[in-house]
Structures are given as C-alpha cells and as structure tokens.
C-alpha cells in the first residue's frame, strides 16, 4: 500500500513507521513471552524445563500409543521418528531437550535482549535489531514448537501461525473518514 502510493509515501510515512513499530514490538514481545524463564509463566521454554525435569513423562510407549494399529506409518518408522525427535532410549533424552532449549535461547537472544531493554523496560541502552532477526527468532520458535507438538501428540503441526479468518485488507480499501 505504501510502496505503491507516492502521495501516501509523502504525506503518510509516519503512519508506515507507526505500523512497522506496532508490528515489531508485537513480534518482539511474542518472542520474549515464549522464552521467559519465570517459573510462574506458561510458555515453550518452561515446557522444555518441565520435560527435562521429568523425562519419564515423554516415553516411547506413550508416543507410539498415538498411532492406531492401521496407521499409514509403520511401527518401524514410528520408532525411528521417536529416535530422531527424542533419542534412542525408552524416554526422551534430557540432553536432547537441553540442547533444543539452548539452541532456541541462542537463536532468540538478540530479540529477547531488545524486548527487555527497550520494549518491556525503559533503559538508555542501544540495542540494534532488524526485522530479519525478529523473523529468524519466530522461525526458531516455530521449529521447536512443531517438534514438541509431534513429540507430545504424534501429529504434525504444519504452521504455528493460525490462519486469518477474515479479510484484513478490507479496512484499508474503505474511507476512514466518509465526510
């Protein structure tokens, strides 16, 4: 919309900056929310801490029970998938969970630092951050979420982002001030 409208570029650039800021802050806080280490919150990192604390809950037997006897996935393939996701033992390997959590935290570190220093709190820090870094952090969260969804349910999660159920562009095609 802004790229294809020269008048909007000239007279409405601040609106574009505002929209970009709203989007950026929303995404940054979404990343921070999933990586908050506070034990009182419910998020992806806390789930991983809980799994590492009680690995016997994620067992091969429980995983295999998700598949019906007539599953299109053979028992051999089901076991191979558990091995790939969780390790080769009867329970999820704590080292796998810790490695996943460390990788996720590393991939999201810049975004979480920005969120803590400049969005959630007022500091004088200068923390550079790009949209590319935000998107990479969101992709890292989605990758881990999909992995643990399969591990916990046996079913695949195609995307972590829900589909928009309405025409969100319609609001930009009608006059906001009809006078």
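The values are calculated or read from the model by the stated rules, or taken from the named source; none is laboratory data. Model, not experiment: these values are computed from the prediction. All Cβ positions, even for glycine, are placed from backbone atoms using ideal geometry, and neighbour counts span all protein chains on display.
Data for the structure
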| item | result |
| --- | --- |
| Odd one out for residue 59, checked against (1) touching a residue at least 24 places away in the same chain (Cβ under 8 Å); (2) surrounded by fewer than 17 Cβ atoms within 10 Å (Cβ to Cβ); (3) farther than 29 Å from residue 137 by Cβ; (4) in contact with a helix residue (DSSP H, G or I) (Cβ under 8 Å, 6 or more places away or on another chain) | (4) |
| Residue in the range 87-102 that is touching a strand residue (DSSP E or B) at 6+ places or on another chain (Cβ under 9 Å), touching a residue at least 40 places away in the same chain (Cβ under 8 Å) and either under 19 Å from residue 43 (Cα atoms) or surrounded by 17 or more Cβ atoms within 10 Å (Cβ to Cβ) (or both) present | yes |
| Given (1) over 30 Å from residue 28 (Cβ atoms); (2) exposed (fewer than 11 other Cβ atoms within 10 Å of the Cβ); (3) modelled with pLDDT of 95 or more, index of the condition residue 79 fails | (2) |
| Options 33, 25, 54: the member that is closer than 18 Å to residue 129 by Cα, without any contact (Cβ under 8 Å) to a residue 12 or more places away in the chain and surrounded by 11 or more Cβ atoms within 10 Å (Cβ to Cβ) | 33 |
| Odd one out for residue 38, checked against (1) assigned to a helix (DSSP H, G or I); (2) free of Cβ contacts under 8 Å to residues at least 24 places away in the same chain | (1) |
| Positions within the range 110-126 being modelled with pLDDT under 90 and either surrounded by 14 or more Cβ atoms within 10 Å (Cβ to Cβ) or in contact with a helix residue (DSSP H, G or I) (Cβ under 6 Å, 6 or more places away or on another chain) (or both), in sequence order | 118, 119, 120, 123, 125 |
